[in-house]
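Bear in mind these aren't lab numbers, they're just calculated from the coordinates by the rules spelled out. Since the model is a prediction, treat every value here as computed from it, not as a measurement. Every residue, glycine among them, receives a Cβ derived from its backbone with ideal geometry; neighbour counts consider all protein chains shown.
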Amino acid sequence: MKALTPREASIFACFTDAVVAPEPVLPAVRETDAVASFDDWMARSPRVNRLGMRAFLYVLELSPWLTGSRARLRQLDRPARARWVTAIEHARRPQLKLVFKLLKGAAQLSYWGDDRLMLSAGYDADANVRRGRELRAREGRP
């Protein structure tokens with residue numbers, strides 16, 4: 001890890017698993033580069049952004065207490081995390097919903113950005129780039 005601590009990486013992986021819910025159809029979060037991608041994004045972000053995102057990760061880790069659970073996010077089993085996602089999406093505190101939406105987007109981008117995952121879903125970015133370059137060459141465009 002370049003920017004995340006092991007605990008933060010674990011929180012992000014758990015959160016990503018909760019919001020993407022990939023298994024059994026899609027690869028598990030641990031089988032993708034989602035955490036490494038998020039870590040790379042964090043390492044390239046300005047320091048103040050990294051600090052903010054770290055704080056948000058810890059808010060998410062503790063947020064199950066705000067939705068009635070007596071455990072942290074990483075202590076919940078899958079069904080309990082699914083209930084937590086539903087509860088947080090309908091939370092009355094707009095600040096908590098905002099943090100959730102922000103990190104949910106980052107988790108989804110990190111998960112779905114995995115090349116092997118996209119290939120397994122039928123999307124080949126390299127083939128699209130190749131076709132675009134061939135078309136531009138045929139049309140004489142730069």
Q) Hey, what do the phi angles of the stretch 51-59 turn into as Karplus ³J(HN,Hα) couplings, whole Hz, using 6.51/-1.76/1.60 and θ = phi - 60°, x for Gly and Pro? A) 4, x, 5, 4, 4, 4, 4, 5, 4
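Highest first, please rank the peptides 65-72, 1-8 by the mean number of other Cβ atoms sitting within 10 Å of their residues. Let's see the in-between values first.
Values: 65-72: 13.0, 1-8: 14.6.
Per-residue Cβ counts within 10 Å, averaged per peptide and sorted highest first, yield 1-8, 65-72.
For the stretch 69-142, take the alpha-carbon Rg, divide it by the Kirkwood Rh, and send me Rg/Rh.
Values: Rg = 20.2 Å, Rh = 15.9 Å.
My calculation of the ratio gives 1.27.
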Q) When the Debye formula is applied to the Cα atoms of the chain, each taken as the same point scatterer, what base-10 log of I(q)/I(0) results at q = 0.09, 0.20 Å⁻¹? A) -0.34, -1.19
Q. For the charge dipole of the chain, defined by +1 on Lys and Arg C-beta atoms and -1 on Asp and Glu C-beta atoms about the Cα centroid, which residue among A87, A18, A43 has the Cα displaced farthest towards the positive pole?
A. A87
Q.
Please list 3J(HN,Hα) in residue order for the stretch 87-98, calculated via the Karplus relation 6.51 cos²θ - 1.76 cosθ + 1.60 where θ = phi - 60°; whole Hz, with x for glycine and proline.
A. 5, 6, 5, 10, 4, 7, 7, x, 5, 5, 5, 5
